[in-house]
1. Using Cα pairs closer than 8 Å and at least 6 residues apart in sequence, work out the relative contact order for chain B, in percent.
2. What angle do you read, to the nearest 10 degrees and between 0 and 90, between the alpha-carbon axis of helix A:163-173 and the longest principal axis of chain A?
3. At a threshold of 8 angstrom on Cα-Cα distance, excluding pairs fewer than six apart, so keeping six or more, what relative contact order does chain A reach in percent?
4. Can you put A:Thr268, B:Thr86, B:Thr114 in order of Cβ neighbours within 10 angstrom, beginning with the fewest?
5. Angle, helix A:364-384 long axis vs. longest principal axis of chain A, Cα atoms, 0 to 90°, nearest 10?
6. Report for chain A the percent antiparallel among DSSP-assigned beta bridges with both residues inside it, nearest 5.
7. How well do other chains shield peptide B:54-67, expressed as the mean number of their Cβ atoms within 10 Å of each residue Cβ?
8. More than 46 angstrom separation, counting every C-alpha pair in the protein assembly as shown; what % is that?
Amino acid sequence: MPEKIIYLDYAATTPVDPRVAQKMAGFLTCEGLFANPASAHTPGRKARGAVEQARMQVAALVNAEPGEIIFTSGATESDNLAIKGAAHFYRDKGRHVVTSRIEHKAVLDTCKQLERDGFEVTYIKPNADGLVEPQAVAQALRPDTVLVSIMHVNNEIGTANDIAAIGAIVHAQGAWFHVDAAQSAGKLPIDLKQMPVDLMSFSGHKVYGPKGIGALYVRSQPHINLDPLIHGGGHEHGLRSGTLATHQIVGMGEAYRIAREEMPKDVTHCSALRQQLWRALHVTVPEALLNGHPSQRVCGILNVGFPGIEGESLLFACHDLAVSSGSACTSTDKAPSFVLRALGRDDQLAGSSIRFSVGRFTTKEEVQTAARIVSEEYHRLQELAPAAG
Amino acid sequence: MPDPFAAYSDTVRAHFRTPRNAGGFAAGHERILAGSAGQRRYGREVEFQLQVTAEGRIGDCRYRVYGCPATIALCSLTSEALKGRTPAEAAGFSVVTLAEQLGLPAEKRAAAVTVEDAVRAAAGRYNAAPAISPAVPQLQA
């Protein structure tokens, strides 16, 4: 990455922690444990041991049993496996699924596919703070609801849903509960022995691990069945066939081990930087609006709307910052952020909103510089604009 | 995801970063023709002012613009191009052609049309009232 670019897009992906990269390197070459973990010979058994250690490390971060962790290619596959797998397995029980309008596309597009497969899906509208209210879930449930999928933390605005309350309502109705935790693992405490959750999706690359690896938690007691998406070989209890990517799995395991040990430090660090950024922006651009709930949220994500200026110009003006935007120009579907629109923001404000996300390696100086750049460019563009009519 | 700004040439980038002639003429200026086009809620709004000399040529321009980088850069480049032209020539100036010459993608055509409409609206006032009066609507400085 060019030196002058300030990376504030940790919610999109994190750099791999050097400790993770070092660990992974030991599982690739002739000198390392490159063998197929399914092989019965000694190198294979050693590789298998490394995979199982990684499984324990992932399970430990979220207080699950190692046998409840299924490795996948990432959170998107985990979401697909959870939603399609459960819906199809239990289709004789019912064909209604509940989710929210501000889920990640991995969930929304999967639900759209279920609709094409003959299921009915209810999309809950979040409240103005970007939260899915438990009562709204209760109202959406029907006798034929088989599955509810609600994200833990929203990837655009960082708000954290009350998973315990929602899960209790879902289970009272007798439905299964899936949670996408790609944005919360390593940032918020997750205790799957206490939380009423049956399926939970995890990502490696949002937690300083490698891309191309994720996991799905599948509750064992009571046991939930899934129809697999990928067949062949019977790996991962038959739920996800394919040769296990040892180096990726070991990398995710190491990343989750570090996250577990360093979460208090990471959270303190990110919370302070986020607060610093918001204060700096709020002082220099008093019109700036915080998108999402002010306190019920994850530590590292700050989504700010900048009224009165055009989004593409703001993002282009801030090209020294690696940030994400609700602007149409950065979206492949050329539409304003559906999350911000669901919150009731108009197209203009949704388009001129920026998601800043800080992480383990972000510095105070970077945040200070970023706030200065955004503020200067905001005022420059505002001065260019005609008086608002 | 492809770079959303890849279509912007160095010229477009330079005029976006440092727009020429931006702003408005101070109140009280005479011989000012003003016109506007676009609406903010549709993503772009442009107000153009043309200062016409006693000889009937555009001596200077100002504009205010809300819009994407292409809209801002086109306002800047157009303001440079209009100097020395008659209002009639300004009314016929093709910002769309300018956008094509800059290599802007087809989806930015609407930006060019909005700038063109604002210039035409301003220049059209000269045709309507050759004896320019200070009473012509003026933009805030």
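1. On the way: 271 pairs, mean separation 47.1, N = 141.
Once divided by the residue count of chain B, the mean separation gives 33 percent.
2. Approximately 50 degrees, to the nearest 10.
3. Details: 801 pairs, mean separation 85.6, N = 389.
Relative contact order here is 22 percent.
4. Working: A:Thr268 11, B:Thr86 16, B:Thr114 25.
Listed from fewest to most nearby Cβ atoms, that is A:Thr268, B:Thr86, B:Thr114.
5. The helix A:364-384 is inclined about 50 degrees to chain A.
6. Just about 55 percent of them are antiparallel.
7. Working: counts 0, 0, 0, 0, 0, 0, 0, 0, 0, 2, 5, 6, 11, 7.
Taking the mean over all residues of the peptide, I get 2.
8. Details: 36938 of 140185 pairs.
Counting every Cα pair in the protein assembly as shown, those more than 46 Å apart make up 26 percent.
A short reminder: the numbers here are calculations on the coordinates, not readings from a lab. On a predicted model such as this, the values are computed, not experimentally measured, just so you know. Don't worry about glycine lacking a Cβ; one is built from the backbone with ideal geometry, like all the others, and counts go over all protein chains shown.
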